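Read through the structure below, which is laid out as structure tokens, and then see the notes.
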Amino acid sequence: MEKVVINESNYNVKKARILRTKEMTPQEKLFEIALEGRMSLDHEPGQFIMLSVFGVGEAPLSVSSSPAVRGSFDICVRAVGKVTSALHRLEAGDEVGIRGPYGKGFPIRILEGNDLLIVAGGLGIAPLRSLIKHVLYNRRDFGKVHILLGCKTPSDMLFVDELDLWNKRMDVYYECTVDRAAPDWAGHVGLITTLLPGVHLKPERTFAIVVGPPIMYKFVIKELLAKNIPERQILISLERHMKCGMGKCGRCQIQGLYVCQDGPVFNYADIKNMSEAL
């Protein structure tokens with residue numbers, strides 16, 4: 001497995017400012033952030049940053065915007081701890097610190113020319129949004145595109161306006177399901193695996209990209225293998241407690257692999273026998 005080489009400048013904390021915030025659900029908020037001097041983040045879809053709320057701490061967060069957007073970038077943040085809760089209290093104009101981007105993202109050059117099956121569970125749509133926006137911006141570079149989304153309830157959905165646009169596109173197959181319906185929900189109800197039988201694909205030319213809660217991977221991967229998608233063409237993004245982002249602290253180590261450097265994106269063939277990974 002190829003090791004990611006970290007740019008030395010990524011060790012330093014860069015000053016950045018929040019340009020705008022948008023409440024997406026009671027738990028999640030979208031932040032548009034600009035580095036000082038409007039420098040480009042130069043990230044790849046699937047990479048993450050380390051964000052500092054000064055005086056509080058630092059947390060790893062996935063980048064949600066397309067690399068084509070210059071001068072600012074998006075992160076979608078769920079308030080679950082000290083740092084992310086403090087970030088939710090900040091407003092446009094407030095300053096934060098940024099390190100990164102870090103890690104190995106989705107292999108865009110390998111994906112080009114192939115069909116894509118993108119499977120997002122819950123907050124997994126946040127890092128996948130970066131990939132999806134890149135794919136749609138460069139639509140001619142890819143084959144068929146399937147996007148499957150699963151959420152607990154309709155009110156938990158993120159990027160609702162964009163989901164509607166994806167659903168209306170003629171060059172995208174989009175399906176969404178919820179675990180529990182609301183009275184006004186007319187869509188599919190059930191686990192995300194119930195959407196997979198309706199997807200018709202050519203396994204030899206399909207790459208499946210899966211991001212969601214850890215419990216989802218086992219069942220989704222089982223369905224993908226049943227569709228004869230090769231193990232090396234199943235890509236997943238792993239979540240681990242990452243404190244440094246540079247492979248120094250060892251918090252994210254799994255049997256010799258560092259999620260912050262060797263991942264967070266892995267192909268299934270490389271980690272299928274690692275009991276700690278899935």
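The values are calculated or read from the model by the stated rules, or taken from the named source; none is laboratory data. This structure is a prediction, so every number in the text was calculated from the model and none was measured. Positions of Cβ are backbone-derived with ideal geometry, glycine not excepted, and every protein chain shown enters the neighbour counts.
For the stretch 221-228, check the following and say yes or no: at least one residue is in a loop (DSSP other than H, G, I, E, B), over 16 Å from the mean Cα position of the chain (by Cα) and over 19 Å from LEU61 (Cβ atoms).
Scanning the stretch 221-228, I find at least one residue that is in a loop (DSSP other than H, G, I, E, B), over 16 Å from the mean Cα position of the chain (by Cα) and over 19 Å from LEU61 (Cβ atoms), so the answer is yes.
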Exercise for review: Among the residues of the stretch 135-159, count how many are touching a residue at least 60 places away in the same chain (Cβ under 8 Å), surrounded by fewer than 17 Cβ atoms within 10 Å (Cβ to Cβ) and not small (Gly, Ala, Ser).
Suggested key: 1
**Study point:** Neighbours by Cβ (under 7 Å, 6+ apart or cross-chain): first from the stretch 11-39, farther than 20 Å from SER130 by Cα and surrounded by 13 or more Cβ atoms within 10 Å (Cβ to Cβ); second among the polar types (S, T, N, Q) and modelled with pLDDT of 95 or more
**Key:** VAL13/SER52
Check your understanding: Of these, THR206, THR177, THR194, which one is surrounded by 13 or more Cβ atoms within 10 Å (Cβ to Cβ), free of Cβ contacts under 8 Å to residues at least 24 places away in the same chain and under 23 Å from ILE132 (Cβ atoms)?
Key -> THR194
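Got a number for residues in the stretch 64-87 being assigned to a loop (DSSP other than H, G, I, E, B) and closer than 15 Å to GLY105 by Cβ?
So in the stretch 64-87, the residues assigned to a loop (DSSP other than H, G, I, E, B) come out as 64-72, 79-81.
From what is left, the residues that are closer than 15 Å to GLY105 by Cβ are 64-68.
Residues meeting the conditions: 5.
Matching residues to (1) at pLDDT 95 or above; (2) touching a Pro at 6+ places or on another chain (Cβ under 8 Å); (3) outside any helix (DSSP H, G or I):
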residue: ILE125; (1), (2), (3): yes, no, no
residue: ILE132; (1), (2), (3): yes, no, no
residue: ILE147; (1), (2), (3): yes, no, yes
residue: GLU175; (1), (2), (3): yes, no, yes
residue: ARG180; (1), (2), (3): no, no, yes
residue: TRP185; (1), (2), (3): no, yes, yes
residue: GLU204; (1), (2), (3): yes, yes, no
residue: TYR217; (1), (2), (3): no, no, no
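Would you please name the residue that is surrounded by the fewest Cβ atoms within 10 Å (Cβ to Cβ), looking only at residues in the stretch 83-134 that are charged (D, E, K, R), without any contact (Cβ under 8 Å) to a residue 40 or more places away in the chain and farther than 20 Å from PRO60 by Cα? Before you say what the answer is, go through the steps one by one.
From the stretch 83-134, those charged (D, E, K, R) are 89, 91, 94-95, 99, 104, 109, 112, 115, 129, 133; that's our starting set.
Within this subset, residues satisfying the condition of being without any contact (Cβ under 8 Å) to a residue 40 or more places away in the chain are 89, 109, 112.
Filter once more, so that each one left must be farther than 20 Å from PRO60 by Cα: 109, 112.
Details: ARG109: 7, GLU112: 14.
Ranking the candidates gives ARG109 first.
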